[in-house]
Every structure is written in structure tokens, then in C-alpha cells.
Amino acid sequence: MPLPDSRPGEDKIGGTFLTRWNSRLGQWLVRLARRLARSVSSHGVLAITATVGGVLVIALTALAGGIYDSVAEGDGISSFDRPVLDEAISRRNVTLDDVLTWFTHLGGPLGMTLIAASIMAVMVWRWRSRTPLIMMMITVAGSLTFTLVGKALVGRVRPPQVDAVPPYETSPSFPSGHALNSTAIAGMVAYLMLLHLTRQLARVLVVLAATCWAVAIGLSRVFLGHHWLSDVMMGWVIGLVWLAIVITAHRLFLTIRSSPPSVEARE
């Protein structure tokens, strides 16, 4: 039996329906999506919205890299990177280094992909819906792409190996892929769970857990000397922007599917 795209109830979080748009920007996006839906399906709207959003995120990454280069040359906001790393070095010990090295690997491309795939499989099986599969695939594909593109565009050098805890990494430093991927993927897991949780406390705890995970993974990168703090902060920002775009695309998909242009025309 084929799985449905979504189940009844997956169009709201608590008592808030995701198909209701109160802001002017949201209403403008809905009008644009409805025009687009005259030529493509609701799935096409989802794909096109995510693609356009992805292009915007790449532009944001390039812009952030350029801004970073400017402030670095002028000893601007990036000047806190070195003091923060020095503070982390002063607090290291063998046990803590080993624990955080193990933990930080969970937030890497392989670790987060495996975690996301496992959670997604459970969600699809438990809820009998393809929504987790589609949403997680879009989120993971985008976050990995932005990590690779961002590193290639900016090419920032990592902290010196003498200040890092092995195993060492040699790829460009900006942005932190661990922070970016953890933010986007943990955020998507939280969003998907919010669609099914009925208790306010449970929803708060899920959001809090996703936030703590992303923050902890990012800070572990700084503590171990694999990234500057500004790399991690930009990873968080890009991850949050991408998460917001994917969620917006999903909301537009739900809106178009619940009220397709053909139905509106007959009304």
C-alpha cells in the first residue's frame, strides 16, 4: 500500500494551522505559489520554492564570506575568535577531549546523515506518511550542498593544528559544516515532531532539545580547535535560514494542496 504524502493533522502545530498566512509577505508568497500551481503540481511548488531558497542561501553564504574578509582585515568582529580558542585550550583535559571528539563526530556529514536517516525511517513507519522522507531529503541535500559550496567560495583556513585536538581536518573552515548540518537537521526533526505532538510541554521540550544539540555540536568544534567561533556562528545562521526556507516551502505545499487553483476558479 503506497504511503500518503501526509496524514490528516499534519497541517497544523498545536492549534495553529500552517495554511493560514497572516503577514503580508506570507500572503504574497501564497499568491505567487498559486500562480505557479497553475502550471505545476503542489509537489512542483515545493521543489521550486526549495530550489529558489537554496540559491538565496548560497548567495547569503558568499555575502557572509565577503563580509568576514572585510572585518578580518580591519580586525573587526572576528577578533574574538582567538581569545575564545585560547580559553578553550586552557580548559582541555584528556577525558574531556576524548568525550567531545566522540560527540562531535555525531554532528559530522556521515554522523548526521545516518542519524537523520534512522529517525526518518522510524517516522515514516510510525506515521505512515511520506512527509518525513521528502522533508528530510530536501533538508539534508541542501545543508550538505551549502557546506561544500560555502567552503569553496570562502576558503578560510582553520585554526593552527598545534591548537587542535586530533584527528586533524584540512578542509576550509568557513562555515562550520557540523554546526550548519546539525542546526538544519535537528531543526527539521523538531518540526516534523511538532506536527504530531499534542501537548505544549512536549513541543517545548522537543524544540529545546534540538536547540541544545545544535549549540553543543557547534561549541564542541570550537573547543577542539577545529573551527573558529565565527565559523560556527555562521553555520548556525545558514542552518536556520535553510530550515526556515524548507518549512516555508512545506507550508506553501500544504496551502496549495488544500486549495488548488482549479477549486478557487470554480468558486
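Every read-out reported here was derived from the displayed coordinates using simple, explicitly stated rules and does not represent laboratory data. Everything quoted here is computed from the prediction, not taken from an experiment. Cβ: placed from backbone, ideal geometry, glycine included. Neighbour counts: every protein chain shown.
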Two-site FRET efficiency, W125 against L197, from Cβ-Cβ distance with R₀ of 25 Å, rounded to 0.05
0.90
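Taking R0 as 41 Å, what FRET efficiency do you get between S79 and S258 from their Cβ-Cβ distance, rounded to the nearest 0.05? Write down the numbers at each step before the final one.
Values: r = 50 Å, r/R0 = 1.23.
With R0 = 41 Å, the Cβ-Cβ based efficiency is 0.20.
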Footprinting proxy, S143, S220, S42: sorted fewest to most Cβ within 10 Å, the residues are S42, S220, S143
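Could you list T19, T170 in order of exposure, starting from the residue whose Cβ has the fewest other Cβ atoms within 10 Å? Can you show the working numbers first?
Details: T19 16, T170 8.
Ranking T19, T170 by Cβ neighbours within 10 Å, fewest first, gives T170, T19.
Once the Cβ-Cβ distance between Y168 and Q27 is put in as r, and R0 is 41 Å, what FRET efficiency do you end up with, to the nearest 0.05? Write down the numbers at each step before the final one.
Working: r = 50 Å, r/R0 = 1.23.
Once rounded, the FRET efficiency stands at 0.20.
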Calculated [θ] (222 nm, deg cm²/dmol) that DSSP helices of n ≥ 4 give over the chain, each run adding -39,500 (n - 2.57)
-24500 deg cm²/dmol
Dipole-positive endmost among A190, T248, G150 within the chain (Cβ charges, Cα centre):
T248
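Can you give the local net charge around H227? Use residues other than it whose beta-carbon is closer than 15 angstrom to its beta-carbon, Lys and Arg +1, Asp and Glu -1. Can you show the working numbers first?
Details: positive: R82, K151, R156, R158, R221; negative: D81, D86, E87, D163, E169, D231.
Summing Lys and Arg as +1 and Asp and Glu as -1 gives -1.
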